[in-house]
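The structure under discussion appears below in the form of C-alpha cells.
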C-alpha cells in the first residue's frame, strides 16, 4: 500500500505583505465569529455534492423573501393610495365614466377598422397571386378540406349505392 502522510501536517505558505518572508499557515483555521464557524460546520457536515444545492436553496429563500416583502409593500401602497384617492374618484365619477365609455368605443372602432383593412388587404393580395404571409397555410387547409370532402363523397356514394341494391334486389 502506498505511504500516506497525515493531512493535518500539510502547511500552506502565505506571504507577509511588504516583506519577502512567508509564514507557514496550517489547513486548520480557527475563526472567532460563531456564525462563520456554524456555517462552515454545516457545509462540512454535508457531502460535497450537496453544498451547491444548499447555497441554491439559501439563495432561493432569500430572493423569495425579498420578493414577498416587495409584494407586501406594493399591495399596501396600492390600498393606501386607493383609500386616499377614493373621494376624488367618487366626486369626479360623472366625468370619468362617460370619458371611459368614449375612449373605449373609439379604441374599439379604430381596432376593428384596422383589422378590417388588414384583412381586405390580405385578401386582395391573396387573390392577385402575390402570396401574402400565411397563404401557403390557407392553400394547405383548402386542399385538406377538398380531399376530406372527396373521401366522404366516395365513401357515402359507395354506401348509398350498396343500400340501394339491398333495398331493390330485383332492380
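Do you know which residues across the stretch 94-136 are surrounded by 10 or more Cβ atoms within 10 Å (Cβ to Cβ) and outside any helix (DSSP H, G or I)? Correct list: 130, 131, 132, 134. Every listed requirement among (1) modelled with pLDDT of 60 or more; (2) in contact with a helix residue (DSSP H, G or I) (Cβ under 8 Å, 6 or more places away or on another chain) is met by residue 40 save one, (2). Number of residues in the stretch 53-93 that are in a helix (DSSP H, G or I) and farther than 28 Å from residue 42 by Cβ: the value is 23. For beta carbons closer than 6 Å, sequence separation of 6+ or different chains, a first residue in the stretch 115-133 that is at negative phi and a second that is in a loop (DSSP other than H, G, I, E, B), the qualifying pairs are 122/132; 125/132; 126/132.
The values are calculated or read from the model by the stated rules, or taken from the named source; none is laboratory data. None of these values were measured; they are calculated from a predicted model. Note that we place each Cβ from the backbone using ideal geometry, even for glycine, and neighbour counts take in every protein chain shown.
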